[in-house]
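**Student:** One structure, as structure tokens, below. Some questions next.
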Amino acid sequence: MIRKTAAAARRLAERRHRVKVSPWVKSTMSGLVGTTLGILLTFGTDSYIDYVKKEEMAEMTTKMVFRQLHVAANQISAEAEKMKKADSVYQYLDRLYPDSIAYAKPEMAEQFNKSLSEISLYAADNTVERIFSSSNDTWETLADADFVNFVGTAFTMINEANKIISDAYEERHLLFANAVTADEIYDIHSNSEFAMYLMRKHEVRDYMFRNTINAMVLANIAEMIRAQRAVYMQKMGLDESDLFEHPDTVGCSTRDSADWNATGGRP
């Protein structure tokens, strides 16, 4: 019995020896495991760093967007106010046209002439829009389709507002240029006569009508941008005071920052 047990123990030891891993296999397997762990660690670290960079870029781009929406809404509002001021003069003269236009107050006639003769330039900055539109990583990192759609819609409205303003400037400049180069200009000797001369032109009256509409449209666009901007600022937990910490940032000038601080962030 003892002999059988000893023989069985020797056979078990021999089998165990036969399946023992060789030094080469050990070395190869150790290298493979080490390499695999190295790859996992390397790619994992790089992915994390890339993720952090994307998060930082998304936050920076988001703040730039909110800043630019603030600036654009204020610019559009300012243009709307200028149009409303001109509209009050236009409406006054329109009520007198055609029978009583000769009785217009001289100061109103002067304001009318100045509003149509003003030479203005309007340049819109779309740098932030281009940055946001070209940053697919920002869209993916934000993971908020509603916000991305809102920003796209907001920039569309801003571009439409900018076109309305630019077209109005161009139309007004052309109207005035045509008026002062016509032969009839040599028979005009006062502000009142010049106002009467302009009011008789149907293209001037058409411009006055469009000015009324444009003023309302621009005011509504600015208000919608501000309202939706406030909703998403609150939703993202962003503090208004953080947006103008760096006045030299893209899409924001020093004056924009000063204006914001003076109003406490109010439009």
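**Student:** If you rank THR156, THR61 by how much accessible surface each has, with a 1.4 Å probe, what is the order from largest down?
**Tutor:** In descending accessible area the options line up as THR156, THR61.
**Student:** While we're looking at this one, here's another question. Beyond 27 Å between alpha-carbons counts as too far, so tell me which of LYS85/LYS235; LYS63/LYS163; LYS163/LYS235; LYS82/LYS235; LYS85/LYS163 fall in that bin.
**Tutor:** LYS85/LYS235; LYS163/LYS235; LYS82/LYS235
The values are calculated or read from the model by the stated rules, or taken from the named source; none is laboratory data. All of these numbers come straight from a predicted model, not from anything done at the bench. The accessibility values were calculated without ligands, DNA or RNA, using every heavy atom of the protein model including side chains. Shrake-Rupley method; radii C 1.70, N 1.55, O 1.52, S 1.80 Å.
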